[in-house]
């Protein structure tokens, strides 16, 4: 059995599962673009405006996911070093559906730094998974000797899936990970790589709290 989070190198299986997850999250908006193009090709003129609106939304959502994944999972270029809380809010709002997810994050003009930005985005993705259909996702960043990131999910049915809870530990069995559960494991690995922690702080009916903490740069 392969276990223990290796902060020196991300295991190949985890990287493969992250790729599977990334592709899964991109399927919906790209499929919507394909369907819209087919409708336009059918020559249904009365639907052109509606189809174009669908295409615009889907293209924007796909582009938003790609930008978020580039920073959360990849190097992200110079942008990852310079993003402020306000820009992180804008980035995340580009991928969530406003009629389903109420996003709450205090805005600010101070750059978070590459590590904190990546950890905030990944922690937020873990939190997003606790919202079954609708709910509120609150994100906060507190600075001091450490950078503390708190992600709170609220709403009917908000909960951590049992299989996700099982991998929220450095001792999780890598062989048992799936595309659905790998985000939690990766976020723990990232936090440890940055010299910190990521934990499920508390869980009550319709309310969950995750907390990440890393040394301040």
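Each residue in segment 69-94 was checked for being in contact with a helix residue (DSSP H, G or I) (Cβ under 6 Å, 6 or more places away or on another chain) and not in a helix (DSSP H, G or I), and 3 pass. Among the residues of segment 171-192, those that are in a loop (DSSP other than H, G, I, E, B), touching a residue at least 60 places away in the same chain (Cβ under 8 Å) and touching a helix residue (DSSP H, G or I) at 6+ places or on another chain (Cβ under 6 Å) comprise 172, 177, 179.
Of everything in segment 195-205 that is outside any strand (DSSP E or B) and at pLDDT 95 or above, the residue that is surrounded by the fewest Cβ atoms within 10 Å (Cβ to Cβ) is 195. Mind listing whichever residues of segment 95-120 are assigned to a strand (DSSP E or B) and crowded, with 19+ Cβ neighbours inside 10 Å? Hits for segment 95-120 are 101, 105.
Cβ-Cβ contacts under 8 Å between residues 6 or more apart (or on different chains), taken from a first residue in segment 55-66 that is surrounded by 14 or more Cβ atoms within 10 Å (Cβ to Cβ) to a second residue that is not in a helix (DSSP H, G or I), are listed as 61/94; 61/95; 64/94; 64/95; 65/95. Kindly evaluate residue 51 against the criterion of being in contact with a helix residue (DSSP H, G or I) (Cβ under 9 Å, 6 or more places away or on another chain), in a helix (DSSP H, G or I), farther than 24 Å from residue 186 by Cα and modelled with pLDDT of 75 or more. So residue 51 does not fit the description; no.
Condition check for residue 73 on (1) surrounded by 13 or more Cβ atoms within 10 Å (Cβ to Cβ); (2) at pLDDT 70 or above; (3) under 25 Å from residue 182 (Cα atoms); (4) over 20 Å from the mean Cα position of the chain (by Cα): one failure, at (4). Going residue by residue through segment 134-150, is there one that turns out to be touching a strand residue (DSSP E or B) at 6+ places or on another chain (Cβ under 6 Å), farther than 22 Å from residue 60 by Cα, touching a residue at least 24 places away in the same chain (Cβ under 8 Å) and assigned to a loop (DSSP other than H, G, I, E, B)? Looking through segment 134-150, none of the residues is touching a strand residue (DSSP E or B) at 6+ places or on another chain (Cβ under 6 Å), farther than 22 Å from residue 60 by Cα, touching a residue at least 24 places away in the same chain (Cβ under 8 Å) and assigned to a loop (DSSP other than H, G, I, E, B).
The values are calculated or read from the model by the stated rules, or taken from the named source; none is laboratory data. Keep in mind the model is a prediction, meaning the values are calculated, not measured. Glycine gets a Cβ as well: all are built from the backbone with ideal geometry, and neighbour counts include every protein chain shown.
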